1. Determine ³J(HN,Hα), in whole Hz, for all residues of segment 208-223 in sequence, where each value follows from phi through the Karplus function 6.51 cos²θ - 1.76 cosθ + 1.60 and θ = phi - 60°; x replaces Gly and Pro.
2. Among the DSSP beta bridges whose two residues both lie in the chain, what percent are antiparallel, rounded to the nearest 5?
3. So for the chain, averaging the separation of alpha carbon pairs under 8 Å that are six or more residues apart and normalising by length, what relative contact order in percent results?
4. Below 8 Å between Cα atoms, with a sequence gap of 6+, how large is the relative contact order for segment 1-144 in percent?
5. What are the ³J(HN,Hα) values, in whole Hz, obtained from phi via the Karplus relation 6.51 cos²θ - 1.76 cosθ + 1.60 with θ = phi - 60°, for each residue of segment 172-185 in sequence order, with x given for Gly and Pro?
6. Treat the count of other C-beta atoms within 10 Å as a stand-in for reagent exposure and order Trp149, Trp270, Trp225 from fewest to most.
7. How far apart, in nm, are two points set 7 Å out from the Cα along the Cα-to-Cβ line at Asp236 and at Arg315?
8. Report the extension gain between Ala301 and Leu276 in nm, rounded to one decimal, defined as 0.36 nm multiplied by the number of residues separating them, less their alpha carbon distance.
Amino acid sequence: MESNNANGVLQRPIGSGFTATSTASEVIRGVSLAGKVAIVTGGYTGIGLETTKTLAAAGATVIVPARSPDKAKKNLAGVANVALAEMDLMNPQSIDAFAATFLASGRPLHLLIHNAGIMFVPLRRNSRGMESQLATNYLAPFQLTARLWEALKKAQGARVINVSSQGHQFGPFHFDDPNFTHRPYEMLPAYGQSKTALNLFSLELDRRAQAFGVRAYAVHPGNVWGTDLLREAPMDLLQQFGFYDAQGKVVPEVIASLKTVPQGAATTVWCATSPLLNGIGGVYCEDADIATLSPGQEMSAGVKPYSLDAADAKRLWRLTESLTGIPFDPAG
């Protein structure tokens, strides 16, 4: 059997037994995470919060880095096995500081879940001049994974889960101008390329890391209502997607068709814990199973082949090392 998902050769469901309506607690039933250590970025709101609670209930120690520690403390009050730390994904120095503190503890890291993300935001740049959706959704996960690499290796069987999106279908990665320096900024293509980058990263990380017992997965959680992801989205865009009507009122039948937060966290938790994925990595998953390829031009279920292109994944890795100034060679 192929051990690498280059160009999507492993993109076919494996019969997990779960569906789009399965919840996080259902997909982890019977799994003990006692003695395991997990980090969940954005693990204090939305599907990240559900992921944190589910992993902690299964016995894992979960570290939640937060840009807003007070909000995180409030949302996680009463949840056992959880520790909070401060980190801002738009601040590369903050990422380094968080990682250094974790490494100093000497602990292995069994699960690294890059859940935090932003969507539909106006043009912003971080201190390095990187466009904010690219910086938050992709460059920060690359940097954090690189900095925590020794702890991932120490686990002798770690998984890195990158929460991607069907939104990768908004567009491929723009190698010539990823930061919108020479082209007009558009929210949807910016979001799309950040998630395509995350899929390509999952593919190449898995190829480079599997020799050290580390596997990587990209996850589409589904279209979920009740998270903070749309907090800055303009009303006309939300109306375009059908969430609100012409009067700015929520369309109940559309909302009813979306996933709940427990359903939205299911694929992340399944990828983090399912024994069915032992020996498989670099795949894009949705509805708690490996997704199919979606070769057409239209938005659809599945994953677009351009976001699993092996040559582009290698090219992106090299570009990312240049953009971040972080050489990341797992074999080095």
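1. 7, 9, 5, 5, 9, x, 10, 10, 10, 9, 10, 10, 9, x, x, 8
2. 15
3. Once divided by the residue count of the chain, the mean separation gives 24 percent.
4. Relative contact order, segment 1-144: 21 percent.
5. x, 6, 9, 5, 6, 8, x, 9, 6, 7, 10, 9, x, 6
6. Trp225, Trp149, Trp270
7. With each label point 7 Å from Cα toward Cβ, the separation is 3.4 nm.
8. Stretched fully, the Ala301-Leu276 segment lengthens by 6.8 nm.
Rule-based calculations on the coordinates, nothing more; no lab input. Just so it is clear, the model here is predicted, and its values are computed rather than measured. Cβ: placed from backbone, ideal geometry, glycine included. Neighbour counts: every protein chain shown.
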